[in-house]
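Working notes, beginning with the structure itself.
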Amino acid sequence: MDLLDFDDEMEDYTHEPGVISEENLAEWCLKAEEGDAVAQYEVAKYLEQKDPYCYCHEIEVYSERAALQGYEPAVALMAEQMLFFHPGLLLRVLPNVAEKGSVEAMWRLATCLNYGLETKPDPERAQYWYEKAAELGDGMQKVNLAIRYMRGDGVPQSMVKAMSLAHLATM
């Protein structure tokens, strides 16, 4: 499923996020097991709020499944959970999610590659993903990339490039 398809699907979705309770948890889990990305994310968020240490495996599994289907909100949860509990696994999953078009995954993957988090630093691949995230994302990714150019953080310092990206971010 394409990331853009979720916008239309969410309009038809009949629940409000975050309404999982002890009474309806089983229904949500069934939807999650049937492959519903929104339910997978909601179950993962519910478990994270209950006890992130006790349910860390389930949180990883459900957030990863939702992220791999292209459900963007799940990417941040998956990345935070895996980075804390299983950072090596994160670098095996992020490229797949980034390739599916997740801007959040692109930016997080670029950061891991840039700073050598659980991998050796790879500035060229990091820059590729930073640029891709800025191209596909909202203005925030462009601003973040502009800051990288302004500081010379992994790229040749360029105030011209920084200012042009900052300008594009406002459009």
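The values are calculated or read from the model by the stated rules, or taken from the named source; none is laboratory data. Predicted, not measured: the structure shown is a model, and the values here were computed from it. As a convention, Cβ positions derive from the backbone with ideal geometry for all residues, glycine included, and neighbour counts pool all protein chains shown. For accessibility, only protein heavy atoms count, side chains too; no ligands or nucleic acids. Shrake-Rupley method; radii C 1.70, N 1.55, O 1.52, S 1.80 Å.
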Exercise. Of all residues in the range 10-68, which are under 29 Å from residue 109 (Cβ atoms), at pLDDT below 85 and part of a loop (DSSP other than H, G, I, E, B)?
Worked result: 13, 17, 18, 52, 53, 54, 55
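With respect to residue 156, determine if the residue is without any contact (Cβ under 8 Å) to a residue 24 or more places away in the chain, open to solvent by 20 Å² or more (accessible area, probe 1.4 Å) and outside any helix (DSSP H, G or I).
Against the criterion (without any contact (Cβ under 8 Å) to a residue 24 or more places away in the chain, open to solvent by 20 Å² or more (accessible area, probe 1.4 Å) and outside any helix (DSSP H, G or I)), residue 156 qualifies.
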Problem set entry | Of all residues making up the range 84-99, the number that are modelled with pLDDT under 80, part of a helix (DSSP H, G or I) and not hydrophobic (A, V, I, L, M, F, W, C) | 2
Seminar exercise, completed: Expected output for the range 101-127 (first residue under 15 Å from residue 140 (Cβ atoms), partner among the hydroxyl-bearing types (Ser, Thr, Tyr), Cβ below 8 Å, 6+ apart or cross-chain) is 106/130; 107/130; 110/128; 110/130
Exercise. Tally time: how many residues in the range 53-78 are buried (at least 20 other Cβ atoms within 10 Å of the Cβ), without any contact (Cβ under 8 Å) to a residue 24 or more places away in the chain and of a type outside the set (A, V, I, L, M)?
Worked result: 1
Exercise. Among 61, 43, 93, 38, which is out of contact with any Asp or Glu (no Cβ under 9 Å at 6 or more places or on another chain), of a type in the set (Val, Ile, Thr) and farther than 26 Å from residue 146 by Cα?
Worked result: 61
